[in-house]
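All remarks here apply to the structure that follows.
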Number of protein chains: 2
Amino acid sequence: MSVFESIKGMETPLSAEIEKELKLVKDMLGNVTRTKYAGIRAVIEDVMDLNGKMLRPIFVILSGHFGAYRSEKAVQLAASIELLHLATLIHDDIVDDSKMRRHKESVQSKYGKDMAVYAGDYLLAKSLTILDSDKYEAKHVDRLAEGIERICESELLQYQSRFNTMTVKNYLRIVSGKTATLFAVALYVGAAESGCSEQLSKQLGRIGHELGIAFQIIDDVLDFSTTQKNVGKSTQNDLKKGYYTLPVIYALRESDDVNPKSLESGIQKSRKLAIKYTDKAFKRIEKLPDSEAKDLLQHIATHMLKRQY
Amino acid sequence: MSVFESIKGMETPLSAEIEKELKLVKDMLGNVTRTKYAGIRAVIEDVMDLNGKMLRPIFVILSGHFGAYRSEKAVQLAASIELLHLATLIHDDIVDDSKMRRHKESVQSKYGKDMAVYAGDYLLAKSLTILDSDKYEAKHVDRLAEGIERICESELLQYQSRFNTMTVKNYLRIVSGKTATLFAVALYVGAAESGCSEQLSKQLGRIGHELGIAFQIIDDVLDFSTTQKNVGKSTQNDLKKGYYTLPVIYALRESDDVNPKSLESGIQKSRKLAIKYTDKAFKRIEKLPDSEAKDLLQHIATHMLKRQY
């Protein structure tokens with residue numbers, strides 16, 4: 001169940017509006033596969049069919065509603081950020097040697113690493129060309145490019161840290177870059193392009209950053225606590241490849257090895273840290289001006305912490 | 001010997017000026033390695049040390065001199081396009097499984113495919129963040145992004161055409177995308193951002209496109225006609241990997257297999273086609289307004305056809 005589907009229960013005018021806008025984002029993403037080369041189209045269609053949670057587009061559209069929402073601009077931005085996210089997923093799977101991604105065979109497993117390199121690059125390029133950039137403030141488009149840069153930097157750092165004892169601080173640094181960056185950009189740019197004040201946009205950006213960290217910690221916890229069927233990617237894959245995520249880092253603090261007992265303790269401590277970051281985000285959300293958008297953001301934040309998939 | 005070193009023999013005020021500007025581009029590229037993470041810095045420094053021909057930056061600066069040249073803008077653009085080129089080289093080496101790149105071990109061979117994926121992404125992102133995009137017309141920044149898209153599309157098409165009999169038409173389509181695009185963008189944007197008319201900028205773009213095709217054909221010919229020592233990348237690598245380039249396509253037209261005789265004939269025919277494209281470019285160059293920049297462009301075009309490395 002997607003985050004958004006859970007929200008639909010609220011059935012406010014805003015949630016209906018967001019659903020309508022998300023449909024436009026999906027249509028726009030569908031157009032991306034319209035290259036004239038059939039072979040390429042097949043690969044890209046396969047990628048676009050991931051049918052993910054669309055969290056980042058939801059955040060762009062939602063934060064746009066803190067200001068004077070403009071559909072055309074927000075939909076393009078949301079599609080751009082989702083494409084960027086999809087591109088990083090494809091390249092991540094190469095590095096992780098992942099066989100599965102969201103219950104489907106990953107691009108690199110199905111078409112080979114080589115194809116995955118270019119398919120990722122193609123979507124990265126598309127994430128930029130999909131924007132009519134003269135509609136946006138140059139500094140906001142720059143934020144997207146800076147986002148890609150930070151993500152890559154963090155991925156490189158993560159890769160180089162394999163099989164090394166990591167500190168919690170280093171883990172958070174990597175997670176900030178590779179996951180929180182795009183959540184922060186989505187909420188910041190969505191608001192800023194709707195004419196929100198710089199102060200409000202920045203607050204929303206920080207909320208995105210904190211929710212992003214909590215989201216990634218929960219993702220890493222789920223890697224240990226669920227079966228492949230639930231998560232749709234190889235479980236404990238990270239550990240095998242030498243990526244020591246937060247549960248392992250905590251486990252190795254109190255034991256020389258990762259055993260069921262130390263891992264369970266590591267998982268509990270990780271959950272606590274995820275809650276801490278969500279709480280930080282909640283405190284910021286509370287201070288936002290009262291609105292339907294604020295209520296919905298609170299709802300999503302609550303749901304993000306509870307997810308089991 | 002670099003293309004530019006050969007031009008230095010001319011010793012005109014313009015060639016001295018371009019040399020000075022190229023130094024600024026190299027300084028700017030050097031700054032790209034200034035990430036705070038030492039491990040990443042090492043990889044990127046290694047990549048930046050490629051010391052290539054810098055043809056694309058030369059074209060940006062040179063075409064800028066057809067209009068009102070502005071150093072700061074042109075140097076940023078030149079660095080951006082060179083970074084984009086370096087990023088594609090790194091990703092190409094993954095797909096080609098190349099051990100060598102310009103007499104040095106390739107990133108993927110030295111650091112592994114995974115590192116090469118992210119290092120390429122990082123430089124791609126840097127190619128965008130290095131631009132103060134509010135200095136440029138949005139449509140010109142878009143041309144860069146469209147360039148990346150076209151390059152990726154062609155690389156995907158090339159990869160999918162492996163081990164297939166290719167037509168000359170398909171070969172030219174791939175070469176247009178993967179090589180000529182960036183030459184065309186360099187000459188077009190360099191001119192357009194110096195206030196040249198749209199007509200002049202487009203003419204320069206077309207010249208870049210034709211020179212780019214000639215350049216790639218010669219590259220593919222050199223893959224067969226030189227030793228590893230001269231080219232700095234594994235010779236005949238393309239053929240082994242199932243990439244049938246122009247000499248092979250021509251060879252297979254007149255013989256059932258690629259043998260010394262049919263290959264020699266294929267090489268000769270390929271050279272002729274390279275000359276045809278260079279001639280097209282020459283005819284366009286002749287029609288450009290007389291200037292020092294025009295003379296230098298003629299000189300570079302002549303040299304590009306003659307190169308033996």
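A short reminder: the numbers here are calculations on the coordinates, not readings from a lab. All values reported here derive from a predicted model rather than from experimental measurement. Every residue, glycine as well, gets a Cβ built from its backbone with ideal geometry; the counts of neighbours run over all protein chains shown.
What residues have an amide H closer than 5 Å to that of B:Lys99, excluding those fewer than 5 places away on the same chain, when H is modeled at 1.01 Å from N in the peptide plane?
Those qualifying (amide H under 5 Å, at least 5 residues apart or on another chain) are B:Ser234.
Starting from a label point 7 Å past Cα on the Cβ side, list the distances from B:Lys23 to the same position in the other copies, nm, shortest first.
For B:Lys23, the inter-copy label distances come out at 6.3 nm.
Per residue of the range B:198-207, in order, report the coupling 6.51 cos²θ - 1.76 cosθ + 1.60 (Karplus, θ = phi - 60°) as ³J(HN,Hα) in whole Hz, putting x for Gly and Pro.
Coupling constants for the range B:198-207: 4, 5, 5, 4, 5, 4, 4, x, 5, 4 Hz.
Rounded to the nearest 500, what is the 222 nm mean residue ellipticity of chain B from helices alone, with -39500 (n - 2.57) per DSSP H run of 4+ residues and division by all residues?
-23500 deg cm²/dmol
Mind checking the dipole of the range A:13-305: about its Cα centre, +1 per Lys or Arg Cβ, -1 per Asp or Glu Cβ, Debye to the nearest 20?
Value, rounded to 20: 400 debye.
Test of understanding: in a Gaussian network model of chain B with alpha carbons linked when under 10 Å, which of B:Leu156, B:Leu297, B:Leu273 would top the mean-square fluctuation ranking?
Highest fluctuation among the options: B:Leu156.
Using a Gaussian network model of chain A whose springs link C-alpha atoms within less than 10 Å, name the residue from A:Ser265, A:Ser154, A:Ser80 with the highest mean-square fluctuation.
A:Ser265
Build a GNM of chain A with springs between Cα atoms under 10 Å: which of A:Ser133, A:Ser176, A:Ser270 gets the top mean-square fluctuation?
A:Ser133
Just want the answer: with Cβ charges of +1 for Lys and Arg and -1 for Asp and Glu, which residue in A:Leu144, A:Gln160, A:Leu128 is farthest toward the dipole's positive end in the range A:119-166?
About the Cα centre, the residue reaching furthest to the positive side is A:Gln160.
Taking θ as phi - 60°, what are the ³J(HN,Hα) couplings along the range B:112-126 by the Karplus curve (6.51, -1.76, 1.60), each to the nearest whole Hz, with x for Gly and Pro?
The phi angles translate into x, 4, 4, 4, 5, 4, 6, 4, x, 4, 4, 5, 4, 5, 4 Hz.
Taking other Cβ within 10 Å of each residue's Cβ, how do B:Phe215, B:Phe163, A:Phe224 sort, fewest first?
Final ranking by Cβ density, sparse to dense: B:Phe163, A:Phe224, B:Phe215.
My understanding is that a pair violates if its Cα-Cα distance is over 21 Å; which of A:Lys280/A:Lys306; B:Lys241/B:Lys280; B:Lys272/B:Lys306; A:Lys113/B:Lys113 do that in this structure?
Correct reply: B:Lys241/B:Lys280.
Using only C-alpha atoms and all pairs of different ones, pull out the Kirkwood radius for chain B in Å with one decimal.
Computed over Cα pairs of chain B, the Kirkwood hydrodynamic radius comes out at 19.8 Å.
So the label point sits 7 Å from Cα along the Cα-to-Cβ vector; using that for B:Ala42, what distances do you get to the other copies, in nanometres, sorted shortest first?
Reported distances to equivalent positions: 4.2 nm.
Could you list which residues have their amide H under 5 Å from that of A:Tyr243, counting only those 5 or more apart in sequence or on another chain, with H placed in the peptide plane?
A:Phe163
Taking only the alpha-carbon positions of the protein assembly as shown and ignoring solvent, what does the Debye formula give for the base-10 log of I(q)/I(0) at q = 0.09, 0.10, 0.11, 0.12 Å⁻¹?
The Cα Debye sum returns log10 ratios of -0.75, -0.91, -1.07, -1.23.
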